[in-house]
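Only one structure is covered here, and it is reproduced in the block below.
The values are calculated or read from the model by the stated rules, or taken from the named source; none is laboratory data. Fair warning: this is a prediction, and the values are worked out from it, not measured in the lab. A quick note on method: Cβ atoms are made from the backbone with ideal geometry, for glycine too, and the neighbour counts reach across all protein chains shown.
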Amino acid sequence: MWVRSTMAYRFSFVMMAVGNFLATALDFAAIAIIFGHTRVLGGFSLPETAFLYGTSGCALGLADLVLGSMDQLGQRVRDGTLDTLLVRPVPVFAQAAADRFALRRLGRISQSVLVLAWSLTALKAAWTPVDVLLVPVMLVSGAAIFSAVFVTGAAFQFWATDAAEVQNSFTYGGNALTQYPPTVFAKDLLRGATFVVPLAFVNWLPALHILRRADPLGLPGWLDFCSPLVAAAACAAAGLAWRAGLRAYRSTGS
């Protein structure tokens, strides 16, 4: 329904998608400006940083396209309109995910794909079959991890009712974090992004293996291949949080 509504005004849709593309491109423009003044950033070259940027952006873009509307759940909890989702013969999760589905978010994905494609051609890496397979696995696993963060943040809003910005700090903020080399951040932050909110498994750890870089935390190399397992665990935890939040919902009382 939302796609049909969007395509009813196709020029408006194109303009919104282009605007989304350009707004997202400003993030990479900032990285390009940094490399206009230095050859390396935290020991990483521009193509290597672009690789991190592209993989993180694609992963978030996929999650944002499917579940980006979850950050509106707090508004529904506050005004009681979540009740209308509960009485329909469709899972509440599916309705919340599809609510105001924004096809314009394809602009974010397309911009990240272009940067990723350029980085793959510019990287001076010795590609092996494992490395080639690791790239799509990284993207899918990263999208699943970001999706789990979206869902966990939405579940938290059943209690907080106004925590959309808290959720965004871990989703869009996590994307901004993983666009840059891990070597530019303090080790305490890296530990939090690895063992608390597993954003390091979105692209940092797999990318370190592909780029033949040492882990700044000195973690064992087998963790570079654990993104699918971490994504599965994160999605399972997000599912439990969602069910707990839905059971705790008591409407507005009006």
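Things worth noting here:
Matching residues to (1) surrounded by fewer than 17 Cβ atoms within 10 Å (Cβ to Cβ); (2) under 30 Å from TRP127 (Cα atoms):
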position	(1), (2)
VAL151	no, no
ALA154	no, no
ALA160	yes, no
GLN167	no, no
LEU177	no, yes
ASP188	yes, no
ARG191	yes, yes
PHE195	yes, yes
HIS209	no, yes
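- Of the listed requirements (1) modelled with pLDDT under 90; (2) exposed (fewer than 15 other Cβ atoms within 10 Å of the Cβ), ALA122 misses just one: (1).
- Selection of first residues in the range 47-58 that are within 17 Å of LYS124 (Cα to Cα) and of second residues that are among the basic types (Lys, Arg) and surrounded by fewer than 24 Cβ atoms within 10 Å (Cβ to Cβ), restricted to Cβ pairs under 9 Å at least 6 apart or on distinct chains, gives the following pairs, ordered by first then second residue: PRO47/LYS124; GLU48/ARG213.
- Whenever a residue of the range 8-20 is in contact (Cβ under 8 Å) with a residue 60 or more places away in the chain and hydrophobic (A, V, I, L, M, F, W, C), its partners that are surrounded by 12 or more Cβ atoms within 10 Å (Cβ to Cβ) and in a helix (DSSP H, G or I), lying with C-beta atoms within less than 7 angstrom and at least six residues away or across chains, give the pairs PHE13/THR6; PHE13/LEU103; PHE13/ARG104; MET16/ARG104; ALA17/ARG104; ALA17/LEU106; ALA17/GLY107; VAL18/GLY107.
- Of all the criteria given as (1) of a type in the set (Phe, Trp, Tyr); (2) buried (at least 19 other Cβ atoms within 10 Å of the Cβ); (3) more than 18 Å from the chain's Cα centre (by Cα), the one not satisfied by TRP222 is (2).
- Test result for VAL92, modelled with pLDDT of 90 or more, over 14 Å from VAL149 (Cα atoms) and hydrophobic (A, V, I, L, M, F, W, C): yes
- Given (1) surrounded by 20 or more Cβ atoms within 10 Å (Cβ to Cβ); (2) hydrophobic (A, V, I, L, M, F, W, C); (3) over 15 Å from the mean Cα position of the chain (by Cα), index of the condition VAL90 fails: (1)
- Elements of the type helices (runs of 4 or more DSSP H) sitting completely within the range 39-106 and holding at least 2 residues that are of a type in the set (D, E, K, R): these cover 46-67, 73-79.
- Residues that are within 15 Å of VAL151 (Cβ to Cβ) and not basic (Lys, Arg) number at least 3 in the following helices (runs of 4 or more DSSP H) confined to the range 164-254: 164-178, 227-248.
- Positions within the range 180-202 being farther than 17 Å from SER227 by Cα and in contact with a Gly (Cβ under 7 Å, 6 or more places away or on another chain), in sequence order: PRO181, THR183, VAL184
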